[in-house]
Amino acid sequence: MIDKDLLRLLGDKKKYIVYTVISMVIGLCANLGITMCICQAIHLMLEQAAPGEYVPTLLTGIAALIIRYVCTRCTARLKDSIGREVKWDLRARTYNKMICLGMKRTSEMSMAGLTQVSMEGIEQLDLYFSNYIPQFFYAMLAPVILFIVSVRLDAKVAIVLLCCVPLIPVS
């Protein structure tokens with residue numbers, strides 16, 4: 001799950017995680033808009049609607065695609081920002097700690113080995129902060145949003161969706 005001690009390492013950079021999740025949620029809403037536009041277009045085709053009746057659906061679909069594109073780019077940029085800032089900060093802390101310790105050599109590990117292990121750990125923390133944490137919060141919000149949208153269409157399906165989505169990682 002989430003390690004609170006690790007989150008404290010972020011300091012004021014936690015806001016980037018919030019912005020990333022918000023961007024992901026807006027992207028989800030845009031995806032819903034795209035899906036609704038496709039369904040509306042199919043409905044209009046089945047009713048053999050006039051070509052002019054497709055224009056609002058087409059414009060809404062294009063707007064949703066643009067929003068989705070912007071959100072995807074924004075999410076990627078935010079994740080990259082989180083990763084870069086976390087790595088920069090953790091590397092500085094690691095180097096400062098090594099300087100404080102001095103160039104001591106132990107029989108268990110050389111300074112080069114210690115540096116390599118610590119840098120690999122920082123790379124793992126980069127993934128934790130830039131990918132895992134935002135995805136975790138998004139995974140908690142997405143089923144609720146989909147439930148709110150789908151409950152209007154069919155309450156039984158919405159309840160099954162809300163109950164079964166948390167089981168997907170288990171399978």
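Quick look at the numbers
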item: Qualifying residue in segment 111-121 (condition: at pLDDT below 75, assigned to a helix (DSSP H, G or I), among the small types (Gly, Ala, Ser) and open to solvent by 40 Å² or more (accessible area, probe 1.4 Å)); result: yes
item: Qualifying residue in segment 19-29 (condition: assigned to a helix (DSSP H, G or I) and exposed (fewer than 14 other Cβ atoms within 10 Å of the Cβ)); result: no
item: First in segment 131-156 and over 23 Å from residue 74 (Cα atoms), second anywhere and surrounded by 14 or more Cβ atoms within 10 Å (Cβ to Cβ), Cβ under 7 Å, 6 or more apart; result: 147/158; 147/161; 147/162; 149/32; 150/158; 150/161; 151/158
item: Exclusive hit being at pLDDT below 90 and part of a helix (DSSP H, G or I), set 73, 84, 68; result: 84
item: Number of positions in segment 30-61 that are open to solvent by 30 Å² or more (accessible area, probe 1.4 Å) and over 35 Å from the mean Cα position of the chain (by Cα); result: 8
item: Residue that is modelled with the highest pLDDT [pool: residues in segment 89-105 that are outside any helix (DSSP H, G or I) and of a type in the set (D, E, K, R)]; result: 104
item: Members of segment 160-171 that are at pLDDT below 80 and surrounded by fewer than 13 Cβ atoms within 10 Å (Cβ to Cβ); result: 164, 166, 167, 168, 169, 170, 171
item: Single residue of 144, 157 found to be open to solvent by 50 Å² or more (accessible area, probe 1.4 Å), within 18 Å of residue 29 (Cα to Cα), modelled with pLDDT of 70 or more and hydrophobic (A, V, I, L, M, F, W, C); result: 144
item: Of the criteria (1) modelled with pLDDT of 90 or more; (2) crowded, with 16+ Cβ neighbours inside 10 Å, which one residue 10 fails; result: (1)
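The values are calculated or read from the model by the stated rules, or taken from the named source; none is laboratory data. It should be emphasised that the depicted structure is a prediction, and the values quoted were computed from it without experimental measurement. Glycine also receives a Cβ, built like all others from the backbone with ideal geometry; neighbour counts cover every protein chain displayed. Ligands, DNA and RNA are stripped out before the accessible areas are found, and what is left, the full protein with its side chains, is counted by its heavy atoms. Shrake-Rupley method; radii C 1.70, N 1.55, O 1.52, S 1.80 Å.
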